[in-house]
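Every number here is computed from the coordinates shown, using simple stated rules; none is lab data. Remember, predicted model here, so these are calculated numbers, not experimental data. No Cβ is skipped: glycine too gets one built from the backbone with ideal geometry, and neighbour counts run over all protein chains shown.
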Amino acid sequence: MHIEIFSDVVCPWCYIGKRRLDAILDSPAGEGLTVTWRPYQLYPQLPEEGMPREAFMAARFGDGARASEIYQRVRAEAEQEGLTLDFDAIRVAPNTLRAHRLLSWAEGSGRQHDLAEALFRGYFQEGRDVGDPAVLAAAAGSVGLDHDAAAEMLAGQDEVDKVRQELSLAEAVGVTGVPFFVMAGKFAIPGAQPREVMTQLIERARERLATA
């Protein structure tokens, strides 16, 4: 069964959801599952070069008390999945269009899932600017993709139309928040559900497909 994941690389819940799915993929319940990452932009209005994280957070949350409360919850959920998120290391709030172009370019390579992990880790654990073409090309190279080919792709306009079409697809299928998992093009799992819930929903989707 194929699973499409609508996600944004600056979404901490998407990273948590990925880790929960990874645990399923490594279990008997994950046998026969394949995964493709699809784009969603939480902040498409950001300039191409991004903006300072501090200014972005001030504009979004004001004095920061609300952000601190939200991050405490996110960190706690992440730690349950073995993740340590370093929000303080993030210096740039990036426009993620280039990151989605890179993930789109990697589709079919057998490395897209690993690339998603590298981008999440780079942003949330290493504070890297995942809107920077050099950072993105380095991430591609780190998972066995061609660094120079990735840099060349990012320097042009390759994958732009495809990504924009898939962003429109996300809207058409009713994606209003991420992560959003679509199984076999028919069944949806919204949000970073607990591993047990995700497993049950995947198994239920398989049963429905088998009896269809």
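Things worth noting here:
- Rounded to the nearest 20, the Cβ-based charge dipole of region 42-116 about its Cα centre (Lys and Arg +1, Asp and Glu -1) stands at 200 debye.
- Computed label-point distance, nm, for sites V160 and E49 using a 7 Å Cα→Cβ extension: 1.8 nm
- Long-range HN-HN contacts of Q125 with modeled amide H, under 5 Å: D86
- Annotation note: GluC sites (Glu not before Pro) in region 9-89 located in DSSP loop regions with a Cβ neighbour count of at most 13 within 10 Å are E31, E48, E49.
- Taking Cα centre as origin and charging only the Cβ of basic (Lys, Arg, +1) and acidic (Asp, Glu, -1) residues, the dipole magnitude of the chain rounds to 600 debye.
- For the chain, built as a Gaussian network whose Cα springs stay under 10 Å, the top-fluctuating residue of T199, T96, T34: T34
- Low-density loop cleavage sites - trypsin sites (Lys or Arg not before Pro) in region 154-212, where at most 14 other Cβ are within 10 Å (DSSP): K186
- Rounded to the nearest 0.05, the FRET efficiency derived from the C-beta distance between R121 and R73 at R0 = 22 Å is 0.60.
- Amide H contacts of V92 (H built 1.01 Å from N, in plane; Pro and chain starts excluded): R53 sit under 5 Å, all sequence-distant by 5 or more or on other chains.
- Likely footprinting exposure, S142, S7, S104, fewest C-beta neighbours within 10 Å first: S142, S104, S7
- Across region 75-212, the convex hull enclosing all Cα atoms gives 132 Å³ per residue.
- Whole-Å distance, taken between Cα centres, linking region 1-71 and region 97-163: 15 Å
- Under-5 Å amide H pairs with W37, H placed in peptide plane, nonlocal only: I5
- Label-to-label distance for R208 and A172 is 2.1 nm, based on points extended 7 Å past Cα in the beta-carbon direction.
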